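Student: One structure coming up, written as structure tokens, with questions to follow.
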Amino acid sequence: MNEKALNFLGLMRKANAIQIGETDTGAAVRAQHARLIVIASDASGNARKRAESFVYGRNVPLIEVPFSKEEISDKVGKNGCSMAAICDIGFADAFIKALCADEPEKYADTAVIIEESLKKANKLKQERKTHETNKRNGKRRKN
């Protein structure tokens, strides 16, 4: 079992970068904060359908993790947790890479999607930083 990936869930909870439970996961997806939805391996069929309905028509990957509800609940400190929404792209990338270390064929496609999102986010962050620097220094765009 991948203990490193499981520990990332607890770290995300402490950093407030994860929304736990069906209600909070749905709210994070609707507010466009969710970057990755994870569902427990022993989640009920109803929970799976709800998670699929949350991501339907949105660009948010949904993965089933090899952890049970009990294992996830122990790490995040909330009972009966069958799904969660990871809201930070950096944490989502680290989490999916940790999962890929054990089962690369299962999570490779999702890892590529998350990595592309991370590159896009870093590019936007750099552009914002450059823009703020230019505003402070009085530089203008050249046509």
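Student: Rounded if a/c is under 1.5, else prolate if a/b beats b/c, else oblate: with a ≥ b ≥ c from the C-alpha gyration tensor eigenvalues square-rooted, which is the range 98-139?
Tutor: Taking the square roots of the gyration eigenvalues as a ≥ b ≥ c, the range 98-139 is prolate.
Student: Considering only C-alpha atoms, what is the centroid distance from the range 100-114 to the range 1-61, in Å?
Tutor: Spelled out, the Cα-based centre of one part sits 16 Å from the other.
Student: With +1 on each Lys and Arg Cβ and -1 on each Asp and Glu Cβ, how big is the dipole of the chain about its Cα centre, in debye rounded to the nearest 20?
Tutor: Charge dipole of the chain: 1480 debye, to the nearest 20.
Student: Still on this structure, I have one more. With the calculation restricted to Cα positions, what are the radius of gyration and Dmax of the chain in angstrom?
Tutor: Here Rg and the maximum Cα pair distance are 17.2, 59 Å.
Student: Can you give the alpha-carbon Rg of the range 63-114 over 2.2 N^0.38 Å, where N counts its residues?
Tutor: Against the empirical 2.2 N^0.38 Å value, I get 1.17 for the range 63-114.
Student: Taking a threshold of 24 Å on the Cα-Cα distance, which of the pairs Lys49/Lys120; Lys14/Lys97; Lys49/Lys97; Lys4/Lys78; Lys49/Lys106 fall above it?
Tutor: The answer is Lys49/Lys120; Lys49/Lys97.
Student: At 1.4 Å probe size, with no ligands or nucleic acids counted, give the accessible surface of Glu116 in Å², nearest ten.
Tutor: Using a 1.4 Å probe on the heavy atoms, I get roughly 120 Å².
Student: While we're looking at this one, here's another question. What is the log10 of I(q)/I(0) for the range 6-76, computed with the Debye formula using one identical point scatterer on each Cα and no solvent, at q = 0.13, 0.23, 0.28 Å⁻¹?
Tutor: -0.34, -1.10, -1.48
Student: Oh, and also: Output the DSSP H helices from the chain with an along-axis C-alpha extent of no less than 15 Å and a mean Kyte-Doolittle hydropathy no less than -1.0.
Tutor: The qualifying helices are 3-14, 45-55, 89-102.
Student: I want to check the label-to-label distance for Thr133 and Ala108. Put each point 7 Å from Cα in the C-beta direction and report it in nm to one decimal.
Tutor: It works out to 3.8 nm between the two label points.
Student: Exposed loop sites here are trypsin sites (Lys or Arg not before Pro) in DSSP loop states with at most 12 other C-beta atoms within 10 Å. What is the longest stretch of the chain lacking them?
Tutor: The longest such stretch corresponds to 1-138.
Student: Which residue fluctuates the most in the chain, going by a Gaussian network model with Cα springs under 10 Å, if the choices are Leu36, Leu124, Leu99?
Tutor: Residue with maximal mean-square fluctuation among Leu36, Leu124, Leu99: Leu124.
The values are calculated or read from the model by the stated rules, or taken from the named source; none is laboratory data. Every value quoted in this text rests on a predicted model; they were computed, and no experiment measured them. Positions of Cβ are generated from backbone atoms using ideal geometry, with glycine treated the same way; all protein chains shown enter the neighbour counts. Only protein heavy atoms, including side chains, enter the accessible area calculation; ligands, DNA and RNA are left aside. Shrake-Rupley method; radii C 1.70, N 1.55, O 1.52, S 1.80 Å.
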